[in-house]
1. Give the residue, chosen from ARG214, ARG205, that is part of a helix (DSSP H, G or I), among the charged types (D, E, K, R), at pLDDT 95 or above and surrounded by 17 or more Cβ atoms within 10 Å (Cβ to Cβ).
2. Can you go through ASP407, ASP448, ASP440 and tell me which one is under 19 Å from ALA333 (Cβ atoms) and charged (D, E, K, R)?
3. If only one of PRO120, PRO64, PRO70 is free of Cβ contacts under 8 Å to residues at least 60 places away in the same chain and within 30 Å of TRP37 (Cβ to Cβ), which one is it?
4. Can you find even one residue in segment 37-49 that is out of contact with any strand residue (DSSP E or B) (no Cβ under 8 Å at 6 or more places or on another chain) and assigned by TED's automatic domain parsing to the domain that holds LEU224?
5. Looking at segment 394-415, I want the residues that are within 9 Å of TRP359 (Cβ to Cβ) and have a partner that is aromatic (Phe, Trp, Tyr) and at pLDDT 90 or above with Cβ atoms under 7 Å, at least 6 apart or on another chain. Which pairs are those?
6. Taking the stated definitions as given, is GLU113 over 21 Å from the mean Cα position of the chain (by Cα), under 28 Å from GLY433 (Cα atoms), not hydrophobic (A, V, I, L, M, F, W, C) and not assigned by TED's automatic domain parsing to the domain that holds GLY456?
7. Checking ARG199 against (1) in contact with a helix residue (DSSP H, G or I) (Cβ under 9 Å, 6 or more places away or on another chain); (2) charged (D, E, K, R); (3) assigned to a loop (DSSP other than H, G, I, E, B): exactly one of these is not met. Which one?
8. Here are some residues: GLY453, GLY433. Which one is of a type outside the set (A, V, I, L, M) and at positive phi?
Amino acid sequence: MRYDAIVIGAGMGGLGAGIRLAMFDRRVAILERHYVWGGLNSFYGKDGYAFDVGLHALTNYVPPGVRGAPLTRVLKQLRLRHADLALGEQGHSEVLFPGRRLAFSNEPSLLQEEVARAFPHDADRFRALWRELEASEWDLPQRETISARAVLAERLTDADLAEMLLLPICYYGSATEDDIDWGAFKILFKSIFIEGLARPEGGVRRILNLLVKRYRGLGGELRLRTGVREIVVDGGAARGVVLDDGTELECDVLLSSAGYAETMGLLSGDAPQPPVDEKERGRMTFLESISVLDRTPAELGHHATTCFYSTRDRFAYRSPESLLDFTSGLTCAPNNYRSEKPLPQGLLRLTVIANGAAWCALPEGEYAERKAELADRAIASFGEFTARESFPGGSRDDWREHTVYRDTFTPRTIRHFTGHPDGVVYGSPAKRGDGATGVDGLYLVGTDQGYLGIVGALSSGIIMANRHALVSA
């Protein structure tokens, strides 16, 4: 069977690419190994409860009608309406470090006021940095990297302020340990602090189901439970794929959201195998626990929509030696997004950095025990930190005794549902902005191409489809 284009993976990037291709009457198939679409941003039900995977927030939020913003451009390219997303804005979020707190919201002036209060000697420098980042373009990622830590050290005099700005940005998209590329920092700073955070009513499934409906309505083919065993390369160009069941599909263009190393590993045996440097194999991954509560988070003192925290003045953003790092993380209270349709129960999500290789190597019998034990310890660690520091905004009670149900996913879970080695979330630190793989007709979309977040992933799929498959449209 022959297609104009084949897309590997039905995540945000793959769906964005598929819709764009189908809009121009290309015969396109999206191949997804699992039974549900979404990839790293998906959803599931368990014991009568509905959960999101991946989505804490949709970044890049702007109200309807804001011209030129990334969200506006994505909706225009996919011909979707802003109202269809039913986005509820965050109330406020916060960054907590020992003895320090910064609040921010979708009103940009709040963070500027907070910085002026907490770091008055750096207020002018921060305003200058803000203006620089506000004017920056959403450029394609470059292969050359510049350390954001080094740039911030030049722009700001207080290392504590730099740490507090870096923490949310690293957690929301850095594949680089203990740093982030300056280009990615600019994109994420604008996405989180200048534009803002929101949540679709009903969670990530609303966006995903909207995308799938749009794709299928345009005649696109979505094949679930359809894994790719091999990418067929002939004469130096990708010609199609061989599925797990041996079926062969041919295409003119192949777009892969599997990741660079994973995609190279699928090349047919007689194809030249481009070397994959170990530095290109990312390690950043996480454990997340989702707690269903007998009351709302606000009733327990958790008023922030998202709380990024570090128990140390200098946070560690790297794969830990042990299974988990309890010294930093984030909590998310979905109830604290503004919505016309309140959630049916209280929810609190807690995310901490994990050692993917160690989790994936655990014996089966030990795995479930360690997962429950360490998720509980991570929640306790956060509670102890906030109680010790007595931050403004009231107490943030330990929610374990108010938990009626909890589910936890680990790097091992992520590996199972995405195929990413060791459950890596943010892919390779070396992004490929042009999507090129070195094989003609084969291009990357998604994480390893370089755009970040839900809007970023959709943009990646759209831009790569436009550039590599619709050049004559």
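The values are calculated or read from the model by the stated rules, or taken from the named source; none is laboratory data. Note that the structure is predicted; figures quoted are calculated from it, not measured. Using ideal geometry, Cβ is built from the backbone for each residue, glycine included, and neighbour counts are taken over all protein chains shown.
1. Testing whether each residue is part of a helix (DSSP H, G or I), among the charged types (D, E, K, R), at pLDDT 95 or above and surrounded by 17 or more Cβ atoms within 10 Å (Cβ to Cβ) leaves just ARG214.
2. ASP407
3. On inspection, the qualifying residue turns out to be PRO64.
4. Yes, the conditions are met somewhere in segment 37-49.
5. If the second residue must be aromatic (Phe, Trp, Tyr) and at pLDDT 90 or above, the pairs left are THR410/TRP359; PRO411/TRP359; ARG412/TRP359; ARG412/TYR367.
6. Against the criterion (over 21 Å from the mean Cα position of the chain (by Cα), under 28 Å from GLY433 (Cα atoms), not hydrophobic (A, V, I, L, M, F, W, C) and not assigned by TED's automatic domain parsing to the domain that holds GLY456), GLU113 does not qualify.
7. (3)
8. Exactly one of GLY453, GLY433 is of a type outside the set (A, V, I, L, M) and at positive phi, namely GLY453.
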